[in-house]
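Participant: First the structure, then my questions, so here it is.
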Amino acid sequence: MLNIENLHAEIGGKQILKGLTLRVGAGEVHAIMGPNGAGKSTLGYVLGGRPGYEATAGSVTFDGADLLDMAPHARAAAGLFLGFQYPVEIPGISNVQFLREALNSQRRGRDEAPLSGGEFLKLARAQADALGMDMEMLKRPVNVGFSGGEKKRNEMVQMGIIGPKLAILDETDSGLDIDALKAVGDGINRIMRAPDKAVILITHYQRLLDYVRPDFVHVLADGRIVRSGGPELALELEREGYGAIAA
Ligand code: ADP
Ligand code: MG
Ligand code: MG
């Protein structure tokens, strides 16, 4: 599904990714762990097409198409979803408005008919219910005044409504209490654990991986993948730290 080959990328002329290779197949969950400043978030931003994050060498294909050649909205329409460590607040726009517009713009990009207000609300209610989120919260401005846990639950509601093929979730577990962590983990499993979908989970901690069991764990250090393994690698990292493994 996603094929990253020898990716180099820079921000403002500073090289951050230095030859990163990673292949993600349909049905797989990959965890990426690694020390602060290794380039984990940069990888997510480069894949999402954030301005200022420039791929300078290497290639990325998504379902065979050249991802780096696509505009950010085209990447989303193709099924890529990015979840961020700090979800943005958007005063003046309700979650419902925002999500309906996001979903319908992606549907138009795939030549699918937009959902009517009624159809959309039905979908939104089902996803909110599944995350244990009050529908009233979806009528409030996007993330404004939400607690950290509520923002992450909201992000899972967004993911459930959008229905992406590949989700890249960047430290989606940071700052969550146990209940929110479990809700987010359950959400990832319910929405994304399917033979035709895949997940890249960027995390510092093993604990999310107790809920969402990865098929592969990778260590990203200094701009490249320096080690790959199964779920046991996350436990080894937790025990021994990155220093011993990334050296
Ligand atoms: P991680 O997510 O693994 O902690 P990041 O991808 O956020 O690491 O950062 C990788 C490196 O890129 C760090 O050295 C960081 O300081 C640098 N960096 C991130 N954003 C910028 C930016 N906007 N301008 C310059 N350097 C940046
Ligand atoms: Mg970081
Ligand atoms: Mg980061």
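Participant: Select from the range 3-26 the residues that are assigned to a loop (DSSP other than H, G, I, E, B) and surrounded by fewer than 14 Cβ atoms within 10 Å (Cβ to Cβ) and write down the one among them that is nearest to ligand 3 (Cβ to nearest atom).
Facilitator: Gly12
Participant: If the requirement is being in a helix (DSSP H, G or I), of a type in the set (Val, Ile, Thr) and within 18 Å of the chain's Cα centre (by Cα), which of these qualifies: Ile191, Ile200?
Facilitator: Just a single option satisfies the conditions, and that option is Ile191.
Participant: Consider Pro51 carefully, then state whether it is surrounded by fewer than 13 Cβ atoms within 10 Å (Cβ to Cβ) and more than 16 Å from ligand 1 (Cβ to nearest atom).
Facilitator: no
Participant: So for the range 75-87 (the condition being among the aromatic types (Phe, Trp, Tyr) and either loosely packed, with under 14 Cβ neighbours inside 10 Å or over 18 Å from the mean Cα position of the chain (by Cα) (or both)), does at least one residue qualify?
Facilitator: Checked against the condition, which is being among the aromatic types (Phe, Trp, Tyr) and either loosely packed, with under 14 Cβ neighbours inside 10 Å or over 18 Å from the mean Cα position of the chain (by Cα) (or both), the range 75-87 yields at least one hit.
Participant: Taking the range 43-81 as the region of interest, how many residues are among the acidic types (Asp, Glu) and touching a Ser or Thr at 6+ places or on another chain (Cβ under 8 Å)?
Facilitator: Summing the residues that are among the acidic types (Asp, Glu) and touching a Ser or Thr at 6+ places or on another chain (Cβ under 8 Å) in the range 43-81 gives 1.
Participant: Moving to a separate point now. For the range 130-145, name all the residues that are surrounded by 13 or more Cβ atoms within 10 Å (Cβ to Cβ) and free of Cβ contacts under 8 Å to residues at least 40 places away in the same chain.
Facilitator: Met133, Met135
Participant: Now for a different question. Please verify whether Arg100 is basic (Lys, Arg), under 23 Å from Ile202 (Cα atoms) and assigned to a helix (DSSP H, G or I), treating the condition exactly as stated.
Facilitator: no
Where a number appears in this text, it was derived from the coordinates with a stated rule and is not lab data. Just so it is clear, the structure is predicted and the values come from calculations on it, not from any experiment. For neighbour counting, all protein chains shown are included, and Cβ atoms are generated from backbone atoms with ideal geometry for every residue, glycine included.
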